[in-house]
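To start, the structure under review is shown below, and the notes come after it.
The values are calculated or read from the model by the stated rules, or taken from the named source; none is laboratory data. In this text the structure is predicted, and so the values were computed from the model without any measurement. Cβ sites come from the backbone with ideal geometry, for glycine too, and all protein chains shown count toward neighbours. The area values use the complete protein model at the heavy-atom level, side chains included, leaving out ligands, DNA and RNA. Shrake-Rupley method; radii C 1.70, N 1.55, O 1.52, S 1.80 Å.
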Amino acid sequence: MKTILATVERQTPKKEIIQQAAEILKQGGLVAFPTETVYGLGANGLDAVACKKIYEAKGRPSDNPLILHIAEKKALYDIVKSVSKKAEKLIDAFWPGPLTIVFEKADCVPLEITGGFSTVAVRFPSHTVAQALIQAAHLPIAAPSANSSGKPSPTKASHVIFDLDGKIDMIIDGGDAEVGLESTIIDVSGEIPMLLRPGAVTKEMIESVIGKIEIDPTVLTKPSQTLIPKAPGMKYTHYSPKADVILVQGNDLQKVQQKIQELVNDSTQKVGILATDQTKDSYNCEIVLSLGDRQNLEQIGANLFKHLRKFDFLGVEVVYAETVPQKGEGLAIMNRLQKAAGYKMITLS
Ligand code: TXA
Ligand code: MG
């Protein structure tokens, strides 16, 4: 298949391009498009056959449900059974934006896209291009991250091209995804709302709107046969670059730097360091990538997947990575870092 590649202005995407992409979606094809979190791989979310193509293109296990994307609040009521008070509050506070909410699904939503669950995850992205496309298609758009299954999510069109060129109908390049981490997922169907995947809408932000919530224990602990994440996609630990990633954590940043330098010195493999602006110049290593300013977790989140992919591009075999505190967006960053590392972490006393 020849994949059409079209570049658009983020704020003022060309109507003809959006229309062309919308037509492809309406006819059951696949279009990758930018959102504020990561690039998505879209299909008609009410068409089980179209969505099957998503699973094939990504190599995604069929039990892993897709998120439906809408571009106006009223579209929600067509695809879910009911909207609770707490969900309403979250919608008013955070939509459009990087928050996905899990609801009981309406009958029109095929079980093939919900992994057989009676629930459906819904998101209203804030990205202008995503909104324009969803409005033009006039459909709920199913869209997982537009990466090959198991790889870090794409934050640039070039990542999508690398993973999916020739496997999908069209890629819309709308520049870099600004958040760089996938949306926060919350399930408000139970008595106490449960955070299934942390993201840029933080636990603290959610609690300021609806009060206390719980965090799925697998957000920071390795899933096992007895500890199964509620979001099926979170059970995969291989969300990672080809390189082995090892996290080095400690309260004293200087000790962390020393430990990483020791590990680098002792290694016989091609090594890379995932550092921060505060530490990057202290290392003696050929490949040091800085995630950004330690005080600026949004910047660190925006750079994480891009850098994990870059290590692969550079042929790095082992990455030693610093960690960040698990507060605010740090919870999402640590969740993705731990997955990338397959939970390998050296903790300094
Ligand atoms: O930011 C995002 O959410 C991006 C952009 C493209 O919108 N999409 C995304 O989709 O990250 P995906 O498919 O890569 O991740 C969706 C996650 C998976 O872990 C999946 O298991 C979970 O959402 N999920 C989907 N439906 C669910 C449901 N009904 N109940 C629980 N988890 C669900
Ligand atoms: Mg994904």
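Odds and ends about this structure:
- The modelled label-to-label distance for the pair SER118/MET1, using points 7 Å beyond Cα in the direction of Cβ, is 3.4 nm.
- Taking Cα atoms only, the orientation of helix 85-94 departs from the longest principal axis of the chain by about 70 degrees.
- Computed from the alpha carbon positions, the gyration tensor of segment 167-240 leads to an equivalent ellipsoid with semi-axes of 26, 19, 11 Å, biggest first.
- Amide N of segment 2-21 lying under 12 Å from the label point, which is placed 7 angstrom from the Cα of GLN135 along Cα→Cβ: 12-13, 15
- Residues in segment 280-309 reached by a label modelled at SER267 [backbone nitrogen below 17 Å; 7 Å Cα→Cβ]: 280-291, 307-309
- Straight-distance crosslink candidates among lysines, where the alpha carbon sits under 19 Å from LYS73 and sequence neighbours closer than 8 are dropped: LYS81, LYS85, LYS86, LYS89, LYS105
- Computed magnitude of the charge dipole of segment 22-79 (debye, nearest 20; Cβ of K, R +1, Cβ of D, E -1): 60
- Percent of beta bridges antiparallel (DSSP, segment 32-134, rounded to nearest 5): 75
- Set against the 2.2 N^0.38 Å expectation for a compact globular protein, segment 150-289 has a Cα radius of gyration ratio of 1.32.
- Top of ARG197, ARG309, ARG336 by mean-square fluctuation, Gaussian network on the chain, Cα under 10 Å: ARG309
- Inter-centroid distance (Cα atoms) of segment 93-154 relative to segment 24-53, Å: 9
- Dimensionless Rg/Rh of segment 29-108 - Kirkwood Rh, Rg from C-alpha atoms: 0.97
- Extension gain for ALA106-ILE215 works out to 36.6 nm (0.36 nm per residue, less the C-alpha to C-alpha distance).
- Extent of the chain along its three principal axes (Cα atoms, max minus min coordinate, largest first): 57, 48, 37 Å.
- Global form of segment 215-300, assessed from the alpha-carbon gyration tensor, a/c cut-off 1.5: prolate
- Violating pairs (Cα-Cα greater than 23 angstrom) within the set LYS2/LYS156; LYS212/LYS339; LYS74/LYS327; LYS242/LYS306; LYS156/LYS242: LYS212/LYS339; LYS74/LYS327
- Computing FRET efficiency as 1/(1 + (r/R0)^6) for SER282 and GLU191, where r is the C-beta to C-beta distance and R0 is 35 Å, gives about 0.10.
- Rounded to whole numbers, the Karplus 3J(HN,Hα) couplings from phi for segment 116-123 are x, 6, 8, 10, 9, 8, 10, 9 Hz, using 6.51 cos²θ - 1.76 cosθ + 1.60 with θ = phi - 60°, and x at Gly and Pro.
- Take every DSSP beta bridge whose two residues both sit in the chain; close to 35 percent of them are antiparallel.
- Within segment 107-184, all pairs of alpha-carbon atoms sorted by distance into 5 Å bins from zero give the percentages 3, 12, 21, 23, 23, 14, 4, 0.
- Per residue, in Å², the accessible surface of the chain once ligands and nucleic acids are set aside, probe 1.4 Å: 43
- Estimated FRET transfer efficiency (LYS52, ASP92; beta-carbon r; R0 30 Å; 0.05): 0.30
- A Förster radius of 30 Å combined with the Cβ-Cβ distance from LEU253 to ARG10 puts the calculated FRET efficiency at roughly 0.25.
- Residue-wise HN-Hα couplings along segment 70-76, as the Karplus relation 6.51 cos²θ - 1.76 cosθ + 1.60 with θ = phi - 60° gives them from phi, are 10, 10, 7, 4, 5, 5, 4 Hz; Gly and Pro carry x.
- Cα gyration tensor category, rounded, prolate or oblate, for segment 234-349 with a/c compared to 1.5: rounded
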